[in-house]
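The values are calculated or read from the model by the stated rules, or taken from the named source; none is laboratory data. Computed from a predicted structure; not experimentally measured. Neighbour counts are summed over all protein chains in view; Cβ atoms, including those assigned to glycine, are modelled from backbone coordinates with ideal geometry. The protein model used for the area step is the full one, side chains on, heavy atoms only, and it has no ligands, DNA or RNA in it. Shrake-Rupley method; radii C 1.70, N 1.55, O 1.52, S 1.80 Å.
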Amino acid sequence: MGNRPDPAVGEIEYTDIATAAVVVQHMDAGGVDLAILDGEASPVGGMGLAKQLKDEIDSCPPVLVLIGRPDDRWLADWSRAEAAVPYPLDPIRLGRAVVDLLIEHAAHPRSGAPSR
């Protein structure tokens, strides 16, 4: 995706995090506009972590989960993630999903409940 996937969102800064505990700390601290979580991660999968974040953080920003296959979309819906992109990752599809979520979040900041 790079740092500038679309002029509408400006420059993107990434923070790479390896553990669920640190993800929760960053999300609790605020200042995160979008979380991209790996649904296939172990020992804590991104879909379970997305559900936890949505349940525990009142103004949780949008979450995009990377899923193992398109048929896992129902799990992403259960997790309350606003978007899901299947493996193998298509950089165009991933970039479009990220840009769309960032634009929507900027226009309508979350109050905790995901919009669909």
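Of the residues making up the stretch 35-65, those that are more than 20 Å from Ile103 (Cβ to Cβ), in a loop (DSSP other than H, G, I, E, B) and either within 13 Å of the chain's Cα centre (by Cα) or of a type outside the set (S, T, N, Q) (or both) number 8. Put simply, of Asp6, Asp72 the only residue that is in contact (Cβ under 8 Å) with a residue 12 or more places away in the chain, touching a Leu at 6+ places or on another chain (Cβ under 9 Å) and either assigned to a helix (DSSP H, G or I) or surrounded by 13 or more Cβ atoms within 10 Å (Cβ to Cβ) (or both) is Asp6. Looking for whichever is at pLDDT 90 or above, of a type outside the set (Asp, Glu) and not in a loop (DSSP other than H, G, I, E, B) here; the options are Val98, Val32. Which one fits? Just one listed residue meets the conditions, Val98. For the stretch 84-106, name all the residues that are open to solvent by less than 30 Å² (accessible area, probe 1.4 Å), in contact (Cβ under 8 Å) with a residue 40 or more places away in the chain and of a type in the set (Gly, Ala, Ser). Ala84, Gly95, listed by residue number.
Screening the candidates Asp33, Asp38, Asp55 for the property of being among the acidic types (Asp, Glu), surrounded by 16 or more Cβ atoms within 10 Å (Cβ to Cβ) and either without any contact (Cβ under 8 Å) to a residue 60 or more places away in the chain or under 20 Å from His108 (Cα atoms) (or both) yields one hit, Asp38. Note on the stretch 43-57: among residues that are under 19 Å from Val85 (Cα atoms) and of a type outside the set (A, V, I, L, M, F, W, C), the one that is modelled with the lowest pLDDT is Gly45. For the stretch 9-30, the set of residues classified as open to solvent by 60 Å² or more (accessible area, probe 1.4 Å) and β-branched (Val, Ile, Thr) consists of Thr15, Thr19, listed by residue number.
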